[in-house]
Structures are given as structure tokens and as C-alpha cells.
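The values are calculated or read from the model by the stated rules, or taken from the named source; none is laboratory data. Because the structure is a prediction, the values reported are computed rather than measured. Neighbour counts run over all protein chains shown; Cβ positions are idealised from the backbone, glycine included.
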């Protein structure tokens, strides 16, 4: 019911609205509803699917070793109620390219044709990208599936083949077995398509200013990240409609 001439809702109003969405548990339903609208508007998922994940930073927790040990075991340390409300016990530490991060991961599946997010999953940052790969696979007019080397394993390649998919998963070498020139060229070819997913993470970071989560707990993280994914699709759909017109 908002009109373009009206004032933008203030931060408190937006926060309360998001809390209502979380309490109702309908963020994923909203995402699915808009995806159905996209398909009805002619933006069917086409030309294959790209799967990737991005780390979403959360404010670092200053806990003792004993407190961190209890949290990893699924227990809540004996904190006062007011302190416990300010502690995120769901976020986790992880390392990527030699750097340490703390927070969550936004796992997404993107269609190659329209560069729209078709499915997503939010986990703590420590969960390996490959653990939710199958969960992200969605309908597409093409059987092609792209992913980076973190998703590559013999079991996964066989699973994709058994399901009739054509895999385009980046190959990875090591100190004992270097990639051949043919394999390196294959990786470069795959990267030309797979890089489209990186544009999405870049747009989200640009629109948000930064991607640090100011919420506490994975329930709120899933809602806020889910809304970011939905907001990206709405913005992208506007551009697609303008281009089509």
C-alpha cells in the first residue's frame, strides 16, 4: 500500500515488520511466491544452474575457550539473561583463502539465462559448501550444472550423472598432481559461465553497504538473508522487465 510519494518507513518500522515475518515463518514462502510470479511472467529458469555460497559476517563474539567449547557441544554457557540475549551461539568460525571469518553462509542456486536466484539455504559459516548442493538443485530447461572446485568429488559427479545432469564442476589440482593444460582450459571455459553468480554477491554487497549481520541467531539470520535474496530478485526482475520492454 505504499506510494512513491510517501515517506520511507523508518528503521524501527522496518525492524518490527521483519520481526513479524520471522514470527510468522513466511520469508521462504514469500521467496517462493515471487519465484512463481517470475515464472508466470515468462522468466522460467533456463540454460542451466550455478551453485555457490558466500560468507556473511556477524559481529565476533568475545568468549572464553570454555564458553566456546560448551557452545560447540550445543550447550549454552551460564550467562545472565541480559548477556545471553546479546550472544549469538549459532554463528561459527571458518577459514577461506587463509583468512578467518565468523558468521553464516548464503548458499544460492542461480539460473544462467536470467541470473535470478532460484533457491537458497542459510547455514552457519563452518558448514562446507558441498553439504547443501543437492538441496539447492531446482527445475531448469537445461541439465547443465556449474559449481566451483569445493563441490567436486567422485561421489557427486556420479550422483549428477545418475540423475541425468551434465556437470561443469571446476577441477582442482594439488602438489602431487598438477592440472594439465587441457584441464586448465576447461576450468577457464567453466569460469566464464560460473562467474555470473559472483555478480550477484557483488550486487548484494553494494546494495547493503556491507553484509555484516546485526541480528542474533540463525532464525533471524535466515530471515534477513532470505529477504536480501528476495530483494535482489525483485531488483533484477525490474531490470529484466525494462530490458524486455
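In this structure, does residue 192 turn out to be over 12 Å from the mean Cα position of the chain (by Cα), loosely packed, with under 13 Cβ neighbours inside 10 Å, in a helix (DSSP H, G or I) and without any contact (Cβ under 8 Å) to a residue 60 or more places away in the chain?
It is true that residue 192 is over 12 Å from the mean Cα position of the chain (by Cα), loosely packed, with under 13 Cβ neighbours inside 10 Å, in a helix (DSSP H, G or I) and without any contact (Cβ under 8 Å) to a residue 60 or more places away in the chain.
Restricting to segment 167-199, what's the tally of residues that are over 23 Å from residue 111 (Cβ atoms), modelled with pLDDT of 90 or more and touching a helix residue (DSSP H, G or I) at 6+ places or on another chain (Cβ under 8 Å)?
Counting residues in segment 167-199 that are over 23 Å from residue 111 (Cβ atoms), modelled with pLDDT of 90 or more and touching a helix residue (DSSP H, G or I) at 6+ places or on another chain (Cβ under 8 Å) gives 1.
Based on this model, can you work out whether residue 45 counts as assigned to a loop (DSSP other than H, G, I, E, B), touching a strand residue (DSSP E or B) at 6+ places or on another chain (Cβ under 8 Å), under 30 Å from residue 149 (Cβ atoms) and touching a residue at least 40 places away in the same chain (Cβ under 8 Å)?
On the way: assigned to a loop (DSSP other than H, G, I, E, B): yes; touching a strand residue (DSSP E or B) at 6+ places or on another chain (Cβ under 8 Å): yes; under 30 Å from residue 149 (Cβ atoms): yes; touching a residue at least 40 places away in the same chain (Cβ under 8 Å): yes.
Here the answer is yes, as residue 45 does meet what is asked.
Tell me, please, whether a residue that is under 28 Å from residue 130 (Cα atoms) and in contact with a strand residue (DSSP E or B) (Cβ under 6 Å, 6 or more places away or on another chain) can be found in segment 15-23.
Here is the first cut: in segment 15-23, the ones under 28 Å from residue 130 (Cα atoms) are 22.
Remaining after also requiring in contact with a strand residue (DSSP E or B) (Cβ under 6 Å, 6 or more places away or on another chain): none.
Within segment 15-23 (the criterion being under 28 Å from residue 130 (Cα atoms) and in contact with a strand residue (DSSP E or B) (Cβ under 6 Å, 6 or more places away or on another chain)), the answer is no, since none of the residues qualifies.
Quick check on segment 54-68. Is at least one of its residues touching a strand residue (DSSP E or B) at 6+ places or on another chain (Cβ under 6 Å), closer than 16 Å to residue 214 by Cα and part of a loop (DSSP other than H, G, I, E, B)?
Yes - at least one qualifying residue is present in segment 54-68.
Just for segment 152-171: of the residues that are exposed (fewer than 14 other Cβ atoms within 10 Å of the Cβ) and touching a strand residue (DSSP E or B) at 6+ places or on another chain (Cβ under 8 Å), which one is nearest to residue 192 (Cα to Cα)?
Per the criteria, the residue is 166.
When the residues of segment 200-245 are narrowed to those that are out of contact with any helix residue (DSSP H, G or I) (no Cβ under 8 Å at 6 or more places or on another chain) and part of a loop (DSSP other than H, G, I, E, B), which ends up farthest from residue 59 (Cα to Cα)?
By that ranking, first place goes to 245.
For residues that are over 23 Å from residue 216 (Cα atoms) and touching a residue at least 24 places away in the same chain (Cβ under 8 Å), scanning just segment 120-134, find the one that is surrounded by the fewest Cβ atoms within 10 Å (Cβ to Cβ). Before you say what the answer is, go through the steps one by one.
So the first thing to find is which residues in segment 120-134 are over 23 Å from residue 216 (Cα atoms), and the list is 130-131, 133-134.
Still in the running and touching a residue at least 24 places away in the same chain (Cβ under 8 Å): 130, 133-134.
Numbers: 130: 17, 133: 23, 134: 12.
Taking the candidates together, the pick is 134.
Go through segment 95-150 and report how many residues are under 28 Å from residue 215 (Cβ atoms) and outside any loop (DSSP other than H, G, I, E, B).
Number of matching residues: 31.
For segment 95-114, state whether one or more residues are crowded, with 16+ Cβ neighbours inside 10 Å, more than 30 Å from residue 190 (Cβ to Cβ) and touching a residue at least 24 places away in the same chain (Cβ under 8 Å).
For segment 95-114, residues crowded, with 16+ Cβ neighbours inside 10 Å, more than 30 Å from residue 190 (Cβ to Cβ) and touching a residue at least 24 places away in the same chain (Cβ under 8 Å): present.
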